[in-house]
Amino acid sequence: MELISYSFILPASFLLDLIIGDPLALPHPVRWLGKWIEKWEPHFRKLPFSLFASGCLFAVSLIAGTYLIAWVVVFISNIVHPYICIAMQIILIYYSISIKSLRSAAMGIYRSLKDDDLGDARIKVSQIVGRDVERLDEKGISRAAVESVAENLVDGVISPIFFALMGGAPLAFAYKMVNTLDSMIGYRDEKYGEFGKCAAHIDDVTNFIPARISVIFIAFAAIISKGGMKGSFMTALKEGRNNPSPNSGFSEAAFAGALGIRLGGPSLYKGTLLRKPYIGASLGETGIEDIRKACNLMIVSAFLWLIACWWITIGFLSLM
């Protein structure tokens with residue numbers, strides 16, 4: 001019974017997110033993480049250290065605190081009843097995963113473009129990307145949406161499940177704090193260039209292995225999604241480093257090769273042109289339908305990753 005119960009945690013968390021997503025009407029611990037960051041940032045900035053040192057202490061403290069709180073919740077729930085412990089782990093991992101909300105955001109952009117409403121599409125894409133969107137045309141919006149789906153497959157699915165596999169719900173939830181810190185303070189601007197540098201580096205380190213693992217599953221998913229497996233893998237291998245981020249380029253390149261489209265390239269960020277190289281430079285332009293295809297590819301990749309992790313979990317538990 002114990003083997004069956006604990007092997008149920010990852011699939012249940014995954015399906016819960018796929019069905020329910022991120023309901024705004026319910027309390028969401030990840031939103032609490034954002035509030036903790038906003039609350040404690042001013043206090044750590046006042047410490048008598050350099051901004052970089054204060055930022056490191058800030059990031060490490062919040063990540064360690066998040067892990068500790070999640071661990072205590074799991075520990076206490078196990079004392080109450082093992083099944084309550086399993087339920088709490090399912091809930092914590094569920095809150096760490098983001099599949100349905102990612103697909104919903106991307107498909108919202110897709111529908112606006114299909115309705116020829118560029119204004120609404122720009123508003124929606126601005127909610128999931130950091131670049132300036134005012135001048136983006138249909139192709140630019142489509143490209144930005146596909147890139148976001150590819151990148152967030154790692155942040156929202158591959159990495160949290162990876163850390164859940166490595167250290168259970170507490171580690172998965174601690175990763176969510178890492179990801180939230182990076183999204184809120186990991187910018188290379190005047191305000192966060194020093195203070196948020198450590199958080200950005202921690203995010204790079206934690207996503208290093210999952211980003212490269214994602215290439216394998218995206219390539220296999222390309223077969224099921226009627227894309228190009230070889231093209232996906234080879235594009236990732238050759239052009240995965242064509243991105244300022246040490247990790248984002250790999251999943252983007254795998255998507256580019258699978259869908260046969262060009263991603264990346266120069267983009268405006270806060271009025272400054274960042275001349276990023278293209279990924280899949282020899283491939284075709286990104287179109288509206290590629291957003292829908294990217295969402296399908298993302299879901300299939302996520303399912304394949306879940307199955308692989310579930311098998312690993314069954315194998316490990318059977319040895320205990």
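Here are the numbers for the structure shown:
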quantity	calculated
Total residues in region 11-37, condition within 16 Å of Phe173 (Cβ to Cβ) and at pLDDT below 85	6
In region 277-292, the residues that are under 28 Å from Ile97 (Cβ atoms) and modelled with pLDDT under 95	Ile279, Gly280, Thr286
Residue match in region 215-234 (condition: at pLDDT 95 or above and either in contact with an Asp or Glu (Cβ under 8 Å, 6 or more places away or on another chain) or among the hydroxyl-bearing types (Ser, Thr, Tyr) (or both))	no
Of all residues in region 223-252 being under 16 Å from Ala144 (Cβ atoms) and not charged (D, E, K, R), the one that is surrounded by the most Cβ atoms within 10 Å (Cβ to Cβ)	Ser251
Condition check for Ala200: of a type in the set (Gly, Ala, Ser), touching a residue at least 24 places away in the same chain (Cβ under 8 Å) and part of a helix (DSSP H, G or I)	no
Qualifying residues in region 50-63 (those that are of a type in the set (A, V, I, L, M, F, W, C) and in contact (Cβ under 8 Å) with a residue 60 or more places away in the chain) - the one farthest from Ser13 (Cα to Cα)	Leu51
Checklist (1) surrounded by 15 or more Cβ atoms within 10 Å (Cβ to Cβ); (2) in contact (Cβ under 8 Å) with a residue 60 or more places away in the chain; (3) not small (Gly, Ala, Ser) applied to Cys85, failing item	(2)
Selected residue [touching a strand residue (DSSP E or B) at 6+ places or on another chain (Cβ under 7 Å), at negative phi and part of a helix (DSSP H, G or I)] from Ala302, Ala256, Ala308	Ala256
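The values are calculated or read from the model by the stated rules, or taken from the named source; none is laboratory data. Everything quoted here is computed from the prediction, not taken from an experiment. Cβ: placed from backbone, ideal geometry, glycine included. Neighbour counts: every protein chain shown.
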